[in-house]
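S.K.: One structure is given below, represented as structure tokens, and several questions about it will come after.
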Amino acid sequence: MEFTLSGTCIIGLQWGDEAKGKMVDLLSQNHDLVVRYQGGANAGHTVVVGDDVYKLHLIPSGIIHPTVLNVIAPGVVINPATILAEIQSLIERGMNLEGRLVMSQRAHVVCPWHVEEDKLDESLQDDQENIGTTLRGIGPCYRDKVGRKYALRLIDLIQDGLADKVERIVAYKQKILNALSPSPPALDSQAITAELVEQGQQLKPLIADTNHLVLDAVAQGKSILFEGAQGALLDIDHGTFPYVTSSNSSGVGVCAGSGVPPRWINKVIGIAKAYSTRVGGGPFPTELHCETGQVIRDIGKEYGTTTGRPRRCGWFDAVAVRYTSRLSGVNSVSLMMLDVLSELDEIKICTAYKIDGEITENMPADTETLRRAEPVYQTLPGWKVDVSQMEHFDELPENAVNYINTISELLKTPIEFVSVGPDRQQTIKCKNAPVVA
Ligand code: GDP
Ligand code: IMO
Ligand code: MG
């Protein structure tokens, strides 16, 4: 399979778990660098190579290809314990990471108090639906990054003065936990410092100024694949706020998080499932509460990679994905999990919303308005054939091609790849795929 060499972004167009990991792994064979630039260990990206299944949270999905340099850029929030465990598990599986993984000095550190705050925020019952976070401390860490006064970056772990910083932050955090938590955990600043120092020393060989590294790579004409985490509907600025994550997970986040200016980005591939899923709270207009939703969950094995939670399942929402495709500036879409729909007699696509009696094709900005959206559906016949072993577009049944083309037309975007199973091999390059320099 041939791919265009370029500065390419892989962006989830729904609420995450669109199978970005699979596409990053597949495309990384033709790239020199893979850069993760936002989110943290809330992400769970699965790569399947034959019998080997890798579940990656912080390490970029380019790690499976031995020639790729994997970069964790400043916009990512890193829990040192989590990344050390992830590194260890890959080494135990026989992978040589020597010279293939680097992380930014500027990346913020997810500390023990962030995880406690995340748990606390989710446990406080008020009249608002819970966000249903992954409890990885992501929101509290980004909150401190924006707040600036009580934040730690990776560079702080390997420099003098860490103990004083931790002591000051712990004093502040303990007050908050004591005031809000029914059973406040006791933060031991000395123990936390000792742990962070130890983790910093272990990570030190991998910590670098990735801004210069990546900009030098660009100057040398190397090709970069940017690996988005989460999905554009979870974007902090442009998603279904407040039921979002705390970073810019749509295409607009690539430059800010990676430190690579827009000038060097020449292709964006949006990743979308052939249906929709969502984990956690928040509006989901096409959600299926019936048996079909359960059929999709069972066949698609729709249970969270990070938390194991059952994912909410529903029909493909072309209103939402058209919005996120435009927002992310996608050149093409990779349509994933087509095989999961193969047993269905008929399949629906949401083409518009009816909100308070009015039909709209635009995604509303307000969450409460989105909750009132009734999907307007186009119903298509199913194909009722196992497509998971098909290798070429021409082999796909007519009704599957019709489904793909209908989505393409609704999104006004070409479909470049169709995925018919988790393995690298189960990927079909579409006919007339766009050629983008
Ligand atoms: P990510 O977070 O976007 O990387 O996606 P996840 O890894 O959380 O979830 C995608 C799941 O779907 C993983 O278990 C993949 O192995 C699996 N997968 C990827 N592509 C396909 C496909 O085309 N068909 C099926 N049935 N499973 C797929
Ligand atoms: P990948 O990269 C799916 C969701 C959580 C929750 C909301 C906020 O695997 O696609 P957070 O812990 O980020 O504060 O949770 O965002 N969420 C994801 N859902 N896939 C993900 O990542 C997600 N990362 C966060 O379920 O609703
Ligand atoms: Mg995932």
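S.K.: Give me a comma-separated list of calculated 3J(HN,Hα) values for the range 413-418, in order, Karplus coefficients 6.51, -1.76, 1.60 applied at θ = phi - 60°, integers in Hz, x for any Gly or Pro.
M.R.: 9, x, 9, 8, 10, 10
S.K.: Quote to one decimal, in nm, the extra length available between Leu206 and Gln294 on full extension: 0.36 nm per residue of separation minus the C-alpha distance between them.
M.R.: Full-extension gain reported as 27.4 nm.
S.K.: Per residue, how big is the convex hull of the range 108-205 when only Cα atoms are used? Give it in Å³.
M.R.: 102
S.K.: Ranked highest first by average number of other Cβ atoms within 10 Å, how do 102-115, 16-29 line up?
M.R.: The peptides rank, most packed first, as 16-29, 102-115.
S.K.: Using a 7 Å offset from the Cα along the Cα-to-Cβ direction at both Glu374 and Tyr172, what is the distance between the two label points in nm, to one decimal?
M.R.: Each label point is offset 7 Å from its Cα along the Cβ direction, giving 5.0 nm.
S.K.: Under 5 Å between amide hydrogens, which residues at least 5 positions from Asn70 or on another chain qualify, with H placed 1.01 Å from N in the peptide plane?
M.R.: Those qualifying (amide H under 5 Å, at least 5 residues apart or on another chain) are Val34, Leu101, Val102.
S.K.: Compute a Gaussian network model of the chain, connecting alpha carbons closer than 10 Å, and tell me which residue from Leu206, Leu154, Leu58 fluctuates the most.
M.R.: Residue with maximal mean-square fluctuation among Leu206, Leu154, Leu58: Leu206.
S.K.: Order 393-400, 146-153 from most to least packed using the mean count of other Cβ atoms within 10 Å.
M.R.: So the order, starting with the most tightly packed, is 393-400, 146-153.
S.K.: PRE reach from Gln425 (point 7 Å along Cα→Cβ): which of the range 18-57 fall under 15 Å by backbone N?
M.R.: Of the residues in the range 18-57, 48-53 have backbone N under 15 Å from the label point off Gln425.
S.K.: Which of Leu33, Leu124, Leu335 moves most in a GNM of the chain, Cα contacts under 10 Å?
M.R.: Residue with maximal mean-square fluctuation among Leu33, Leu124, Leu335: Leu124.
S.K.: Note down the Stokes-Einstein diffusion coefficient of the chain in µm²/s, whole number, using a Kirkwood radius over alpha carbon pairs, 20 °C, and 1.002 mPa s.
M.R.: The calculation lands on 96 µm²/s.
S.K.: Once the Cα gyration tensor of the range 155-196 is diagonalised, what are the square roots of 5 times its eigenvalues, in whole Å and ordered largest first, as equivalent ellipsoid semi-axes?
M.R.: 23, 10, 7
S.K.: With r defined as the distance between the Cβ atoms of Asp121 and Asn399 and R0 fixed at 45 Å, what FRET efficiency is calculated, to the nearest 0.05?
M.R.: 0.50
S.K.: Give the separation of the Cα centroids, the range 309-359 to the range 370-434, in Å.
M.R.: Cα centroid of the range 309-359 versus Cα centroid of the range 370-434: 11 Å apart.
S.K.: Further question on the same structure: Over the chain, with a Gaussian network built from C-alpha contacts below 10 Å, which listed residue (Ser247, Ser189, Ser223) shows the highest mean-square fluctuation?
M.R.: Its mean-square fluctuation being the largest, the pick is Ser189.
S.K.: Could you list His289, His57 so that the one with the fewest beta carbons within 10 Å of its beta carbon is first and the one with the most is last?
M.R.: Ascending Cβ contact count within 10 Å gives the list His289, His57.
S.K.: Further question on the same structure: For the cross-link pairs Lys20/Lys354; Lys20/Lys149; Lys20/Lys222, which exceed 24 Å when the distance is taken from alpha carbon to alpha carbon?
M.R.: Check vs 24 Å cut-off fails for Lys20/Lys354; Lys20/Lys149.
S.K.: While we're looking at this one, here's another question. If neighbour count is taken as other Cβ atoms inside 10 Å, put Trp383, Trp264, Trp15 in order from fewest to most.
M.R.: Taking fewest neighbouring Cβ atoms as first place, the list is Trp264, Trp383, Trp15.
S.K.: Here is a further query. How large is the direction-averaged shadow of the alpha-carbon convex hull of the range 196-321, in nm²?
M.R.: 10.7
S.K.: Net charge within 10 Å of Ala229 by Cβ-Cβ distance, Lys/Arg positive one each and Asp/Glu negative one each, not counting Ala229 itself?
M.R.: In short, +1.
S.K.: Work out, in µm²/s and without decimals, the Stokes-Einstein translational diffusion coefficient of the range 349-403 at 4 °C, 1.567 mPa s, Rh from Kirkwood over C-alpha pairs.
M.R.: Result for D is 95 µm²/s.
Readers should treat all values here as calculations from the given coordinates under stated rules, not as data from a laboratory. The model shown is predicted, which means the values in this text are computed figures rather than measured ones. Here Cβ is always computed from backbone atoms with ideal geometry, including for glycine, and neighbour counts include all displayed protein chains.
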